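Down below is the structure, laid out as structure tokens.
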Amino acid sequence: MARYLDAIIAGFGGQGVMLIGNLLAYAGMKDGLNVTYIPVYGPEMRGGTANCTVVLSEEEIGSPIIHSPVSLIIMNRPSLDKFQPRLKDGGLNIINSSLIDMDLADANRVKCIAVPCNEIADKLGNTRMANMVALGAYIQATGIMELQPVIDSLKDVLSERYHKLIPANTEALNAGAEVAAKA
Amino acid sequence: MSEQLVFDRPQSVIDRPTHYCPGCHHGVAHRLVGELLDELGVAEDAILVASIGCSVFLYNYLNVDAVEAPHGRAPAVATGVKAARKDKFVFTYQGDGDLASIGMAEVLHAANRGENIAVVFVNNTVYGMTGGQMAPTTLIGQRTTTCPSGRCLEHEGAPIRMTEIIAGLGGATFAARASLNNVKNIRQAKKYLRKAFQCQIEKKGFGFVELLSACPTNWKLNPVDANERIKTEMIPYFPLGVFKDALDEGGAC
Amino acid sequence: MSKQPERIFVKGNEAVVRGALAARCKCFFGYPITPQNEIPELMSSEMPKSGGEFVQAESEVAAANMLLGAGACGIRAMTSSSSPGISLKQEAISYMAGSNTPAVIVNMNRGGPGLGDIGPAQGDYYQSTRGGGHGDYRLLVLAPATGQEAYDLTIKSFDLAYKYRNPVMILGDAILGQMKEAITPWQPEGIDDEAGRDWALSGAKDREKRLIKSLYLEEGALAGQNKNLQKKYEDMQSYVEYEEFETEDAELVVCAYGSIGRIAKSAVRNLRKQGHKVGLFRPITLYPFPSDALLALAKQGKKFLTIEHNLGQMVDDVRLAIRTVADSDFAPIYPGNLPIPEDIEGPVLEWLEGK
């Protein structure tokens, strides 16, 4: 089966969902895949969530917009309410359990992985890296690619003034991957 | 007795009859422009941006490359020409309807950007080509086909003094108003036009000259009375002179 | 054409800019409007680097007229906007068409009518393919569906503009403009920067003066100009591009262009998996329209369903193309809604059930 993955990544504005969407797609490109990334705006912007859609595929990509994805990265509660029902049966849901009650996870229908993103990021010294923890878990759980192309892409996706944070972000990606490996 | 030719047609002006009415000042303005293109040696580098109005056919009378702009847009088209060919001498020639009404935004912004172009503005207080309708510069009380009882301050607002507005913009380098109603004023007009053209040649930015002109046909006056009207009615409202001259300061920008 | 192997990850708006720079565009005239702002933003920093000129105009009206001025000088020049702004550019576009002035205009179509929204839509199909302004004229209209096509077709647009001395429109939408995708940049060779040497304005030195105009008052002159334009539009007909996908054994052919075309491709794949004999016909040139290719499909007995992100515009051209042998049904995706493959799968399944 050819490699294919689509994902909606959603959270509050400021949680860095657009950044990890970019990073995922960029790393996919570096890993030889076709990729699309689209920030979803318009009516979708309202209701407390910022979100983007990423498609990774060995084949040519048709639609860059996906209503029912095969995977989710969910960083806050309103995003869970909005997108979990749309997730395909048997799909993967990476849930930020620091901010979301795992009782709300639809564990019977889809595969849910609880990742305490904010707590792990706090421990690593910066809450703002919660997004990287989530992405690390996502890469590990999907196996779409190794973590290395993602780490290697940090320098291209982060603007130069944040390059000093690359080691810390790498740690966060690794920490998220460890959680998913144990799940 | 040998003949001596003391008055000839400028090289840049084509030898053909114009379509203008008797007593119209466009011919005088065309000649001044043509003389200066010759005297300043820029005719071969000149690109005229023609406008819409009686002077739309200026490109048939001047021996220079030309592009025809939509109504009022000549300063925008000239901006594009200059962006494409910085090495060329670019100028517009516009009437009062074209420049002060529909083209107000284009001329103000071109001036304010300090575009290195020259604008020749012919103000005869009326839309000539379309048959004498009210223009933004029509004087209070002046009758036109769209203000048959005379322009009224309450209804139509006051005539716009363009040169003063242009002079007030930071980007403009030279702004002056002259009149074509007598020889003395025509000589002054040429001096101002020379300065506006010089402004571009020296890469000092936007040069603007307003020329008060007669439209005997639409004013319903004979040419002599039309000239008199410029003196008695127009000049008192549109004073002559230089309103901005930043050439010696190296331009406005 | 030397293909650089390195891919870049850029928005469609940036792909347009990169394509224009590769095509040695030397003047850009812009005005802000969502969802195309990355184009003027990037041009403002990139144009000076390549020795070109960037001007932020006071309005779309002015920007298009600046384009007219630069095009009259035979310089590769461009402007971009989105629907409401494109309406304002129509004045100068008509003048450019009337005066045979080459130029490239990009429209990242957003929802309308009026101010509409800032999301994707295809409501400007008629405006783009029927001229858009006053008078009887046509633009070459290219409709990229992907970032790569945005890059490739932008390069091509400059060549076409100069080949035909005609304005060319790149018609994208908010999806194309805002989506990031991996594209492979390449550098075209053999660009003729002096393509306008026989007609462009440069100052009448050692030659007759030249005039770029669209006013023809002398008896018979305007008729002559219109005849010349018609001849040009006939010549353009030889330049068509389109994509056929899974049409060979298809019973039903979906006709869709631009972003909807690529979304329809996903729908066709999904429907094929369910065993439905469905194909896709995607015009890449909207003017000239690939009528002959459509007619050939119609003659094979295929049925047609046109789906657009509007209330039905391109469907007219599909019907005209196949009118002697077939007709096309139509399903709208309403501007204001974000299109998804299900918007295409639904009407197709309905059509299959109802046949």
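The values are calculated or read from the model by the stated rules, or taken from the named source; none is laboratory data. Please read all numbers here as calculations on a predicted model, not as lab measurements. With ideal geometry, Cβ positions are generated from the backbone for all residues, glycine too; neighbour counts draw on all protein chains shown. Only protein heavy atoms, including side chains, enter the accessible area calculation; ligands, DNA and RNA are left aside. Shrake-Rupley method; radii C 1.70, N 1.55, O 1.52, S 1.80 Å.
Structure notes:
- Complete set of residues in the stretch C:325-355 that are over 22 Å from A:ILE38 (Cβ atoms) and in a loop (DSSP other than H, G, I, E, B): C:VAL325, C:ALA326, C:ASP327, C:LYS355
- If the condition is being more than 16 Å from the chain's Cα centre (by Cα) and either under 25 Å from A:VAL70 (Cα atoms) or open to solvent by 90 Å² or more (accessible area, probe 1.4 Å) (or both), then the stretch A:149-170 contributes A:LYS155, A:GLU160, A:ARG161, A:LYS164.
- Tabulated pairs, the stretch C:201-226, first touching a residue at least 12 places away in the same chain (Cβ under 8 Å), second part of a loop (DSSP other than H, G, I, E, B) and exposed (fewer than 15 other Cβ atoms within 10 Å of the Cβ), C-beta under 6 angstrom, 6+ apart or interchain: C:GLN225/C:TYR216
- Helices (runs of 4 or more DSSP H) enclosed by the stretch A:99-171 - at least 3 residues per element that are of a type outside the set (Asp, Glu) and over 23 Å from A:VAL54 (Cα atoms): A:117-123
- Options C:ALA326, C:ALA298; residue that is touching a Ser or Thr at 6+ places or on another chain (Cβ under 9 Å), surrounded by 15 or more Cβ atoms within 10 Å (Cβ to Cβ) and among the hydrophobic types (A, V, I, L, M, F, W, C): C:ALA298
- Test: residue in the stretch C:240-247 that is within 14 Å of chain B (Cβ to nearest Cβ), in contact with a helix residue (DSSP H, G or I) (Cβ under 7 Å, 6 or more places away or on another chain) and not in a strand (DSSP E or B): no
- Selection count, the stretch C:74-93, where residues are within 10 Å of another protein chain (Cβ to nearest Cβ) and either of a type in the set (Val, Ile, Thr) or open to solvent by less than 10 Å² (accessible area, probe 1.4 Å) (or both): 5
Results for (1) of a type in the set (A, V, I, L, M, F, W, C); (2) under 22 Å from B:ALA100 (Cβ atoms), shown as yes or no for each residue.
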{"residue": "B:ILE166", "(1), (2)": "yes, yes"}
{"residue": "B:SER179", "(1), (2)": "no, yes"}
{"residue": "B:ASN182", "(1), (2)": "no, no"}
{"residue": "B:CYS199", "(1), (2)": "yes, yes"}
{"residue": "B:THR217", "(1), (2)": "no, yes"}
{"residue": "B:VAL224", "(1), (2)": "yes, no"}
{"residue": "B:ILE230", "(1), (2)": "yes, yes"}
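- Among the residues of the stretch B:76-109, the one identified as of a type in the set (Gly, Ala, Ser), facing chain C (nearest Cβ under 7 Å) and surrounded by fewer than 24 Cβ atoms within 10 Å (Cβ to Cβ) is B:ALA105.
- Apart from one condition, C:ARG197 fits all of (1) more than 13 Å from chain B (Cβ to nearest Cβ); (2) over 29 Å from C:ASP136 (Cα atoms); (3) surrounded by fewer than 20 Cβ atoms within 10 Å (Cβ to Cβ); the exception is (2).
- In the set C:ILE344, C:ILE284, C:ILE322, only one residue is within 14 Å of chain A (Cβ to nearest Cβ) and not charged (D, E, K, R); that residue is C:ILE344.
- Among the residues making up the stretch C:17-33, those that are open to solvent by 10 Å² or more (accessible area, probe 1.4 Å) and closer than 11 Å to C:SER50 by Cβ are C:LEU21, C:ARG24, C:LYS26.
- From the options B:LYS220, B:LYS190, residue that is under 14 Å from the mean Cα position of the chain (by Cα) and modelled with pLDDT of 95 or more: B:LYS190
- Taking each residue of the stretch B:82-93 that is closer than 15 Å to B:GLY114 by Cβ and looking for partners that are open to solvent by 20 Å² or more (accessible area, probe 1.4 Å) and modelled with pLDDT of 95 or more with beta-carbon atoms closer than 7 Å, six or more apart or interchain, yields B:LYS82/B:GLU115; B:LYS82/B:ASN116; B:ALA83/C:GLU53.
- Residue list for the stretch C:203-223, filter: more than 7 Å from chain B (Cβ to nearest Cβ) and either open to solvent by less than 40 Å² (accessible area, probe 1.4 Å) or within 19 Å of C:ILE75 (Cα to Cα) (or both): C:ALA221
- Within the stretch B:202-253, being of a type in the set (Val, Ile, Thr) and buried (at least 16 other Cβ atoms within 10 Å of the Cβ) holds for B:VAL209, B:THR217, B:ILE230, B:ILE235, B:VAL242.
- The set of residues in the stretch C:40-73 being more than 9 Å from every other protein chain (Cβ to nearest Cβ) and assigned to a helix (DSSP H, G or I) consists of C:PRO40, C:GLU41, C:LEU42, C:MET43, C:SER44, C:SER45, C:GLU46, C:MET47, C:PRO48, C:LYS49, C:GLU60.
- Complete set of residues in the stretch A:94-147 that are farther than 19 Å from A:ALA172 by Cα and open to solvent by less than 30 Å² (accessible area, probe 1.4 Å): A:ILE100, A:ALA105, A:VAL110
- Under the condition of being at pLDDT 75 or above, more than 15 Å from the chain's Cα centre (by Cα) and farther than 18 Å from C:GLU342 by Cβ, the residues counted in the stretch A:42-68 number 4.
- Every residue from the stretch C:121-162 that is open to solvent by 30 Å² or more (accessible area, probe 1.4 Å), touching a Leu at 6+ places or on another chain (Cβ under 9 Å) and not in a loop (DSSP other than H, G, I, E, B): C:GLU149, C:LYS156
- Complete set of residues in the stretch C:34-70 that are free of Cβ contacts under 8 Å to residues at least 60 places away in the same chain, within 20 Å of the chain's Cα centre (by Cα) and open to solvent by less than 10 Å² (accessible area, probe 1.4 Å): C:MET43, C:ALA63, C:ALA64, C:ASN65, C:LEU67, C:LEU68
- Among the residues making up the stretch B:50-70, those that are of a type in the set (Val, Ile, Thr) and facing chain C (nearest Cβ under 7 Å) are B:VAL56, B:VAL64, B:VAL67.
- Flag for B:ARG73 being among the basic types (Lys, Arg), within 11 Å of another protein chain (Cβ to nearest Cβ) and touching a Gly at 6+ places or on another chain (Cβ under 9 Å): yes
- Condition check for B:GLY41 on (1) in contact (Cβ under 8 Å) with a residue 24 or more places away in the chain; (2) under 30 Å from C:GLY51 (Cα atoms); (3) more than 11 Å from chain C (Cβ to nearest Cβ): one failure, at (1).
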